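As structure tokens, the structure follows; a few thoughts come after it.
The values are calculated or read from the model by the stated rules, or taken from the named source; none is laboratory data. Just so we're clear, the structure is a prediction, and the values are computed from it rather than from any experiment. Cβ placement follows ideal geometry from the backbone for every residue including glycine, while neighbour counts extend to all protein chains displayed.
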Amino acid sequence: MTPLSVVRSVPGMTTETVVRLDGVRKEFGETAALDGVSLEIRRGEAVAVMGPSGCGKSTLLNMVAGLDRPTAGEVTVHGERLDLMNETGLALFRRHHLGMIFQFFNLLDDLSALDNVALAAQLTGSSAATARRRALELFDELGIAGRRDVYPAALSGGERQRVAVARALMNRPALLLADEPTGALDSRAGEQVMDLLIDLNQIGQTLLIVTHDERLAHRCASRLVELADGRIARESALDRV
Amino acid sequence: MSAVWAAAKAAIRRRRLQTFVIGLVALFCTATVVVSLALLDAMSAPFDRALAQQRGAHAVAAFDPAKVTDAQLTAARDGVEAAAGPFGQVMFEVGGGSGPVMRGPLTLVGRPGPGGDVDRLDLWRGRWASAPGEVVLNAPPEDETSFARGPFSRIPSLTADGTTLTVVGWAFSVGGSADGWVTPEQMTELRPTGTQMLYRFAGDVSTREAVQQRLTGVTTGLPGGALIAAQPYQVVKEEAAEGSGVYLPFLGTFGVLGLIIAVIIVGNVVSGAVISGFRHIGMLKALGFTPRQVVAVYLTMVTVPATAGAILGTVLGDLGARPLLEDTFRGMGFGQDTGVPAWVWAAGLVGIPALVLLTALVPASRAHRLSAAEAISAGSAPRRGHGLRVQRALGGTRLPRSVSLGLGHLFARPARTALTMASLLLGVTTVTFATGLSDTLIRFSALDAAAGGDVSIRPEPPDGPTGVTSSRTDDEVEALLRGLPGTERIGVALGRPVSALGQSEPIQVNFVRGDVAAMGYEDQLLEGRWMAAPDEMVATSELLNKRGLEVGDTITMELQGVRTTVTVVGETLQNLPGPGDGLFAPWREFEDAEPFDYFYQVDLTEGTDREAYMQAIRSADPGLSPWSRGGSNELQVIVTGFSSVLAVLLATVAALGVLNTVALNVLDRRRDLGMLKSIGMTPRQVITMLVTSMAALGVAGGLLGIPFGMVAHRLVVPLSAGAAKVTLPESVLRVWDPLQLALLVLSGVLIAVVGALLPARSAARLTIARVLHNE
Ligand SMILES: Nc1ncnc2c1ncn2[C@@H]1O[C@H](COP(=O)(O)OP(=O)(O)OP(=O)(O)O)[C@@H](O)[C@H]1O
Ligand SMILES: [Mg+2]
């Protein structure tokens, strides 16, 4: 353990806690997108965040992903204080501990599906061969092995999202973040992605999912957090369907 | 229309960097174009412009006062647009004594003032003659220091036939209407032998014949034989061209180069802007914009910043060109003509925006034809399988992934890469050519300046202004000079007219001894070698051309009463100062040579003060008249300055072109960059990725651009010199050495890296949250 990570690790937090937000506030000019949000996510949980458009869901996710910094409050993920890190530190943290999937997939157009996925491992220093091997395993597991040499432009939406999931899982992240993962998919492709997320959670993957989709929340999540105007309006445990 | 304006405004706001770069490129290109055009315009006819500005005479005529009256002359105005005179005129036989200038007969004219309808003199120093005994002399303007150092300041007065005239001022007549001017009263006292009339004619005066014809028109009504002599302005014009002609083609090349580069870069930048907007175009179409409206949005988007840049650039170019032109043409002896003409302004203000519009039209009309779906996918769908294979191969290498991604991107978007490459290539070619040209120019003017020495000395003739003559023989003078501290080299020359077989006029030969060869004249050899035997000579190009001779030819001469055949073994650029045809011969003694026929030229050791040195000569022997050359050094500074300014401008424009292309790349890949950052690419890696790919292009651009630039230099420079009938010594063309070439490759990389760094850094700082969740 490097001295720096000793400083950053928060005493008293069990390793069971993957995410802890403490009084997180985020302002954009006059408006507060998040207004004192405190939230804890334990290992193995699948948490869904819902709420009306503009209530701060994506902002919350960005805080947890270290894509943006809070105006006030503490963000602790995997034992590290993200609000205290610099850009480079955040990048290295994301690289090793987080996986993200987005509504619009965000694949690189000029890399094949396999290379898009391998890329994530190559950034951590894996050799090209090792990275491709690991990517292939994931392709097999996700049922898209046949599409490995295809370029994103030629993939269907569902396939693209599965490639994106594969990429997010490459470095065995402690936490998988998803922002509207089914938002751009039809119901069939959406179902497939949901099944995938459920399977992942079942084998222990911690999930934080932002969505508008009731079905997605109820099928995949064990807990529901409802946001309104930047505050947590309600928290409830869910019985998965 | 308002929808178009709204969309264009939004696009401008969204792409601030690109808008800024288009504006900046337009600014620099316009400035370059204005400077180049002003230069070309001024160069195309520096003499004519100066003449026109002074309303100089088309013909300077001298009439016989015994045959024609002033009233008759005033009345004869056939075809005359404007006239000045009649002025009394006399030949004033100055015995000499004033160093190298103002010896022999001078044409003095009695004139009440420097103004008038014709030949408005530039009274650049002192005042006009207001009383008898005063004279104003004709010379091109010089600044304070050159004047103080030069020969003119050694002329306090002129004396001839018992009349002494005090020099009270210096004026310049571009048309060379006289050597000096006195008051009309003084002229009456001097008993004028001629009457001067200065004419400007209406209609065509482009040739000597035309001027002659107009003059005949004026004089037909006058008594026969009234016109003694007439000088059309072309005579002076040709003389003037000889002095400065050498530099004009070089500067002209810069001007043309500036124009071409500006046009290409603008085209590159603008078409890049439109191509990168294809995805955006698709969305506009999907929104319901008609193809025509889409084109309008794009044209508005690039024209607004281009126009703003062009306005600023024109002002900037004008401000920059003014002092440069002023110095240049003053240095060349054309007075202070400066203006940047209106058409250049118009070209800057209208030309560049129009050019932008035109170049934008080409890719914009492609956007016009694209369907919405095609346009949207043009931004994302990969088209070249080849490029993708390279990308994959690179992914498997041991290179850091950020580096290999950046390199792979070059191949995945070949069109964009070609565009970037073109601007880099252009940049490096330009920098290579421009530095080569400016180097050649600097060497050439150094060569020019080196010859001639630091201080020139001539013994005073008996009727000189001081009346003191030297009693030393030429050997004694040389010994004296050698003994002075600060003397590094001495050349001694004796100018003698020598009659040659087959030549109607005698040739003025400079018999030289001492260090003449080493004082820059040998470096100026264009062909052959310096003379090594008593029967060898070296001639200037001018003399060879005039007399129809070549290196290797022989001349039979009457030397000291003996018929001698000498061989021309070399051709040089420049003659010694003073009269003479430009033939250098090995030293010979002539019994009948007067002391003031000898001419001494001294190179001083580094750091010796010229003033003090000349003072030392004067106090050692008041019969010696030393002077130091001014002027030409100034010209060298100007030429160097001009070429450096243009080279820097061109390099800047080239770098901006690259900056723009890279900025576009970054803009185009915002989402990709955001994604890469989201999966853990550090800001440093983002910069590395963008900069290494551009640096790689820079190396390629450098390696390709340099040979292009060198070849262009080799072809264009001698060509443009040839156009002015100047042969260049090989030494001024061999300007590159390996170190310099390495520096040039580095310049390619540097242009690319600097161009990439700014947008790369802003990309690294990009807040990725938004880009990733939207669109
Ligand atoms: N970068 C930003 N600059 C300014 N305001 C922002 C920014 N990002 C978010 N906001 C504002 O913060 C509030 C919350 O935004 P956020 O994107 O988190 O909403 P959301 O809950 O994800 O909405 P949706 O369901 O539509 O995706 C909104 O009012 C939004 O306008
Ligand atoms: Mg959102």
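Residue-wise test of (1) away from ligand 2 (no atom under 16 Å from the Cβ); (2) under 24 Å from A:Arg234 (Cα atoms); (3) basic (Lys, Arg).
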position	(1), (2), (3)
A:Val49	no, yes, no
A:Pro52	no, yes, no
A:Asp68	no, no, no
A:His78	yes, no, no
A:Val117	yes, no, no
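Is it the case that region B:113-130 has a residue that's at pLDDT below 80, surrounded by fewer than 19 Cβ atoms within 10 Å (Cβ to Cβ) and assigned by TED's automatic domain parsing to the domain that holds B:Thr183? Write out each step before concluding.
Narrowing region B:113-130 to residues at pLDDT below 80: none.
No - not one qualifying residue is present in region B:113-130.
For region A:192-214, the condition of being among the charged types (D, E, K, R), within 14 Å of chain B (Cβ to nearest Cβ) and within 16 Å of ligand 2 (Cβ to nearest atom) holds for none of the residues.
Could you grab me the full set of residues in region A:224-241 that are of a type in the set (Lys, Arg) and more than 16 Å from ligand 1 (Cβ to nearest atom)? The answer is A:Arg240, and nothing else.
Within region A:101-127, work out how many residues are facing chain B (nearest Cβ under 8 Å) and over 20 Å from the mean Cα position of the chain (by Cα).
If we filter region A:101-127 for residues that are facing chain B (nearest Cβ under 8 Å), which is where we start, we get A:102-104, A:106-112, A:115, A:118-120, A:122-124, A:127.
Narrowing further to those that are over 20 Å from the mean Cα position of the chain (by Cα): A:109-112, A:115, A:127.
Adding up the residues that qualify gives 6.
Here's the yes/no breakdown for (1) in contact with a helix residue (DSSP H, G or I) (Cβ under 6 Å, 6 or more places away or on another chain); (2) closer than 15 Å to B:Val568 by Cβ:
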| site | (1), (2) |
| --- | --- |
| B:Val498 | no, yes |
| B:Gly502 | no, yes |
| B:Pro506 | no, no |
| B:Asn510 | no, yes |
| B:Gly514 | no, no |
| B:Ala517 | no, no |
| B:Gly520 | yes, no |
| B:Glu527 | no, yes |
| B:Met537 | no, yes |
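Just to be sure, is B:Val726 surrounded by 15 or more Cβ atoms within 10 Å (Cβ to Cβ), modelled with pLDDT of 70 or more and away from ligand 1 (no atom under 16 Å from the Cβ)? Against the criterion (surrounded by 15 or more Cβ atoms within 10 Å (Cβ to Cβ), modelled with pLDDT of 70 or more and away from ligand 1 (no atom under 16 Å from the Cβ)), B:Val726 does not qualify. Considering only residues in region A:164-223 that are of a type in the set (Ser, Thr, Tyr) and assigned to a loop (DSSP other than H, G, I, E, B), the one that is nearest to ligand 1 (Cβ to nearest atom) turns out to be A:Thr211.
Going by what's in this entry, would B:Val662 be described as buried (at least 24 other Cβ atoms within 10 Å of the Cβ), away from chain A (no Cβ under 14 Å) and at pLDDT below 75? Walk me through how you get there before you give the answer.
Numbers: buried (at least 24 other Cβ atoms within 10 Å of the Cβ): yes; away from chain A (no Cβ under 14 Å): yes; at pLDDT below 75: yes.
Yes: the conditions hold for B:Val662.
For first residues located in region A:38-64 and within 18 Å of A:Asp229 (Cα to Cα) and within 12 Å of chain B (Cβ to nearest Cβ), partners that are more than 9 Å from ligand 2 (Cβ to nearest atom) and in a helix (DSSP H, G or I) and lie 6+ apart or on another chain with Cβ distances below 6 Å form the pairs A:Asn62/B:Ala769.
A single entry from A:Ala184, A:Ala174 fulfils the requirement of being within 14 Å of another protein chain (Cβ to nearest Cβ) and either among the basic types (Lys, Arg) or out of contact with any strand residue (DSSP E or B) (no Cβ under 7 Å at 6 or more places or on another chain) (or both): A:Ala184. Residues in region A:29-58 that are within 15 Å of A:Leu207 (Cα to Cα), more than 9 Å from ligand 1 (Cβ to nearest atom), out of contact with any Lys or Arg (no Cβ under 7 Å at 6 or more places or on another chain) and not in a strand (DSSP E or B): A:Arg43, A:Gly44. A:Phe139 fulfils the conditions (1) of a type in the set (Phe, Trp, Tyr); (2) within 9 Å of chain B (Cβ to nearest Cβ); (3) in a helix (DSSP H, G or I) except for a single criterion, (2). Among residues of region A:152-182 being more than 15 Å from the chain's Cα centre (by Cα) and surrounded by fewer than 22 Cβ atoms within 10 Å (Cβ to Cβ), the one that is nearest to ligand 2 (Cβ to nearest atom) is A:Gly157.
May I ask you to list the residues in region B:66-83 that are surrounded by fewer than 14 Cβ atoms within 10 Å (Cβ to Cβ) and not in a loop (DSSP other than H, G, I, E, B)? The answer is B:Ala71, B:Thr74, B:Ala75. When the test is whether a residue is more than 12 Å from the chain's Cα centre (by Cα) and away from ligand 1 (no atom under 16 Å from the Cβ), A:Arg147 passes it. Count of region B:201-218 residues, restricted to those that are crowded, with 17+ Cβ neighbours inside 10 Å and at pLDDT 80 or above, is 4. The conditions of being in a strand (DSSP E or B) and closer than 15 Å to B:Val509 by Cα are not met by B:Glu542.
Just one of (1) more than 14 Å from chain B (Cβ to nearest Cβ); (2) in contact with a helix residue (DSSP H, G or I) (Cβ under 8 Å, 6 or more places away or on another chain); (3) more than 9 Å from ligand 1 (Cβ to nearest atom) fails for A:Leu67. It is (1).
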